[in-house]
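Reading through the structure tokens given below for one structure.
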Amino acid sequence: MIPRLFTLAAVLCGILAVLTLIPRAEASKECLFGYRAICTFTPGSTFILGMMAYIFHDMKRKMQQRIS
């Protein structure tokens with residue numbers, strides 16, 4: 001059951017990382033890429049969420065190796 005939660009967390013973080021890049025005209029400020037995105041901290045938040053997805057995936061892989 002725990003590996004499924006890690007997979008779910010990794011997928012969720014990956015989806016959220018992609019969503020931070022979507023342009024949005026109503027955003028209050030421009031992101032560092034020079035356009036108005038859903039998240040004004042776009043490069044940083046995308047990187048952090050991507051790393052979290054990788055960490056969750058790696059934790060699942062290590063847990064599966066330990067079990068078998």
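The values are calculated or read from the model by the stated rules, or taken from the named source; none is laboratory data. In this text the structure is predicted, and so the values were computed from the model without any measurement. Backbone-built Cβ (ideal geometry, glycine too); neighbour counts: all protein chains shown. Ligands, DNA and RNA are stripped out before the accessible areas are found, and what is left, the full protein with its side chains, is counted by its heavy atoms. Shrake-Rupley method; radii C 1.70, N 1.55, O 1.52, S 1.80 Å.
Counting other Cβ atoms within 10 Å of each Cβ, which chymotrypsin sites (Phe, Trp or Tyr not before Pro) in segment 1-51 have at most 16 and sit in a DSSP loop?
Values: sites: 6, 33, 35, 41, 47; in loops: 33, 35, 41.
Those satisfying the criteria are 33, 35, 41.
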* Asked: The list (1) 0.93; (2) 1.40; (3) 1.17 gives values of Rg/Rh (Cα atoms, Kirkwood Rh), and only one came from this structure; which label was calculated from it?
  -> (3)
* With all protein chains modelled, accessible area of residue 12 [1.4 Å, Å²] -> 100
* Does anything in segment 2-43 have its amide N under 19 Å from the 7 Å Cα→Cβ label point of residue 61, and if so which residues? -> 2-15
* **the chain - percent of accessible surface contributed by carbon and sulfur, probe 1.4 Å** => 70
* Structure fact -> Counting only protein heavy atoms and leaving out ligands, DNA and RNA, the solvent-accessible surface of residue 51 at a 1.4 Å probe, in Å² to the nearest 10, equals 80
* Structure fact -> For segment 51-56, in residue order, the Karplus 3J(HN,Hα) values (coefficients 6.51, -1.76, 1.60; θ = phi - 60°; whole Hz; Gly and Pro = x) are 5, 4, 4, 5, 5, 4
* Asked: With every protein chain left in place, what is the accessible area per residue of segment 1-59 in square angstrom, probe 1.4 Å?
  -> 71
